[in-house]
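Input: a single structure, listed below in structure tokens.
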Amino acid sequence: MRLSSSLSEGGFWRNVCCFCSVLHPRPLLRWRRGECPIMEITPFSRGERGRGIEETKQKHIPEYSEAHEGKGQRPALQSLKSEVGWGHQWNSFWFRECPPHALAIVRIAFGGFLLSMWLLRWRAVPMLFSREGIVLPLFSSPLLTPPSAVGAWMLYACFLVLLACLTVGFYTRLSAGLCVFFFAYFWLLSLYQFNTSFDRLFFVILLALTPSGAGKTLSVDAWRKKGSFLAWEPISILPQRLLAAQITATYLGVGWQKLALSSWQGGEVLAWGFMGKWATPLAFWILRRNVPIAVYDFGVFLVKSFEVIMPFALWNKRLRRWAFAAGALFHIAIALLLSIPWFLVLIPLYIVFLDPEDVRAWIEARR
Amino acid sequence: MSPIRFLQNAIVVAFLAITGSAFLFTMTRVALPVPRPLLLFSYGMMAPYQGDDEWNNALIAEGRLPDGTWQSIDLDRSFPVGRGERTIRERLQGVRFFAKEKVQQAYSAFAVQLLTHERERGATYTAVRLWNDDWPRSPGGYEQLHLPAFTTRTFLTFVQ
């Protein structure tokens, strides 16, 4: 998209958009957003970017060659039209190149969050991850033999350092890959006993961040390679899409099953939850106000509505802002009432539902 | 199609297949033929807080002294975590999820480790037994009704 901006500045933009208006049902929308679809039809490799706009335009857009060199063919509209089909949309959605800013923000927010949460577990390390505690690995393996307390402290410290490296973007891919390894180790050793959705989600996020190129901007890596934290290189949108799809699937499963689960057909589940093992003093306090069950019924209705609508609202440009706000409220409420703060990390992760070009533009507008 | 694009497509298709199967499993308990560990892992991300009940529970451990009397063992030291996490760990929820048939075996392994640790700390226990306590919830507090009159105690295991 950097290239399309350059083209528009150079006066070539009008030709391209006229060309595109043949192919796309909503050319004006594209035109206003500064995203010429022709760039998606003829994706530019990294090498081509370096060779200059002039050469690239001549190679990919025959009209340009014809007008400027007096030779060349009319654009093969039919073949281009065939590319703007389902296959093109699939490729554009999952694999196009994009700025890395959205994933860089995910990296910083998620890495920082995980680092904070694991720092809070610091004192529990010998009991949870060493043979001084009661540790029952998921399966028998020499690798999963619980270490001594000192060994567990050292492994834990390594993991924290790697999380810090991931957060600041220092050897990002390597640190993210090693974080995956350490997280898997701690999960198989002991965390699986906690058996939570968010630990699985954290593993998937680490896995997606490893090859993502999330360290290609807003990172020490960018500063080392390009001399600026804000320098960037394009990355594949695939990891961002996978994360968005996973978050969608999580809300989809959580919400839609509640429509059928017998325990979620009334407010009782909320009332019992407010005096259960997760309940905070605030939840107990609310419960002791002795409010009518209708209030809990309404609470359950709100929760179910939120979780059922959320997977669709997150992808809808009109509703997205409201979905973000509702999601933030929902997860803050869970943290305050049910002492489950781990899902708070989803709030910054909603950024994966934004166009990476918009995120980049937002950041650059504030430079 | 380049090898990289082929690999990327394979990743997307595999992800969608596993996630779709997990969603189907979440809604209907029908398991499509995808690798079960992956199915369960993905299902696990769609399954938080499926329900709740009216009972609290806690693991109770007792050590047998040489004179034959039973002494309560404090488990706070073994679970330096929040109450929610502690309860789930005490119920071996992870083992129940992945291998339900191994719960009894896991409780025995738990008791053996507990006995070993207690002996290392200087206790003279000759045996350890584990119980599960269930008691009704109360707005008064988590432990409010954890009293003999309201508590059901279930035997779990005994090791020596």
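The values are calculated or read from the model by the stated rules, or taken from the named source; none is laboratory data. Quick caveat, the model's predicted, so the values are computed rather than measured. All Cβ positions, glycine included, derive from the backbone under ideal geometry; neighbour counts span all protein chains shown. What goes into the accessible areas is simple: the full protein's heavy atoms, side chains included, and nothing from ligands, DNA or RNA. Shrake-Rupley method; radii C 1.70, N 1.55, O 1.52, S 1.80 Å.
Is it the case that some residue within the stretch B:94-108 is charged (D, E, K, R) and either in contact with an Asp or Glu (Cβ under 9 Å, 6 or more places away or on another chain) or at the interface with chain A (Cβ under 9 Å from one of its Cβ atoms) (or both)?
Narrowing the stretch B:94-108 to residues charged (D, E, K, R): B:96, B:100-102.
Subsequent filtering for residues that are either in contact with an Asp or Glu (Cβ under 9 Å, 6 or more places away or on another chain) or at the interface with chain A (Cβ under 9 Å from one of its Cβ atoms) (or both) retains B:96.
For the stretch B:94-108, residues charged (D, E, K, R) and either in contact with an Asp or Glu (Cβ under 9 Å, 6 or more places away or on another chain) or at the interface with chain A (Cβ under 9 Å from one of its Cβ atoms) (or both): present.
If I filter the stretch B:121-137 for residues that are surrounded by fewer than 13 Cβ atoms within 10 Å (Cβ to Cβ), assigned to a loop (DSSP other than H, G, I, E, B) and not polar (S, T, N, Q), do I get at least one hit?
Yes, the stretch B:121-137 has at least one match.
Of (1) of a type outside the set (S, T, N, Q); (2) open to solvent by 30 Å² or more (accessible area, probe 1.4 Å); (3) touching a residue at least 40 places away in the same chain (Cβ under 8 Å); (4) not assigned by TED's automatic domain parsing to the domain that holds residue A:112, residue A:216 satisfies all except one. Which?
(4)
So residue B:46 ticks every box in (1) more than 7 Å from chain A (Cβ to nearest Cβ); (2) surrounded by 16 or more Cβ atoms within 10 Å (Cβ to Cβ); (3) touching a residue at least 24 places away in the same chain (Cβ under 8 Å) but one. Which box is left unticked?
(1)
How many of the residues in the stretch A:184-213 are closer than 19 Å to residue A:341 by Cα and open to solvent by less than 20 Å² (accessible area, probe 1.4 Å)? First the steps, then the outcome.
Step one: filter the stretch A:184-213 for residues closer than 19 Å to residue A:341 by Cα, giving A:187, A:191-206.
Those still in the list that are open to solvent by less than 20 Å² (accessible area, probe 1.4 Å) too: A:191-194, A:196-202, A:205-206.
The number of residues fulfilling the criteria is 13.
Would you please name the residue that is nearest to the other protein chains (Cβ to nearest Cβ), looking only at residues in the stretch A:126-140 that are surrounded by fewer than 21 Cβ atoms within 10 Å (Cβ to Cβ) and within 16 Å of residue A:182 (Cβ to Cβ)?
Within the stretch A:126-140, the match that is nearest to the other protein chains (Cβ to nearest Cβ) is A:138.
Among B:64, B:36, which is open to solvent by 70 Å² or more (accessible area, probe 1.4 Å) and among the charged types (D, E, K, R)?
Values: B:64 fails: open to solvent by 70 Å² or more (accessible area, probe 1.4 Å).
One residue alone meets the criteria, B:36.
Residue A:161 passes all but one of (1) within 30 Å of residue B:11 (Cα to Cα); (2) of a type outside the set (D, E, K, R); (3) touching a Phe, Trp or Tyr at 6+ places or on another chain (Cβ under 7 Å); which number fails?
(3)
Would you point out the residue of the stretch A:246-303, among those that are within 7 Å of chain B (Cβ to nearest Cβ) and of a type in the set (Ser, Thr, Tyr), that is least open to solvent (accessible area, probe 1.4 Å)?
A:250
Contact list please: Cβ distance under 6 Å, first residue in the stretch A:291-306 and in contact (Cβ under 8 Å) with a residue 40 or more places away in the chain, second residue among the aromatic types (Phe, Trp, Tyr) and part of a helix (DSSP H, G or I), pairs at least six apart or on different chains.
Correct list of pairs: A:306/A:330.
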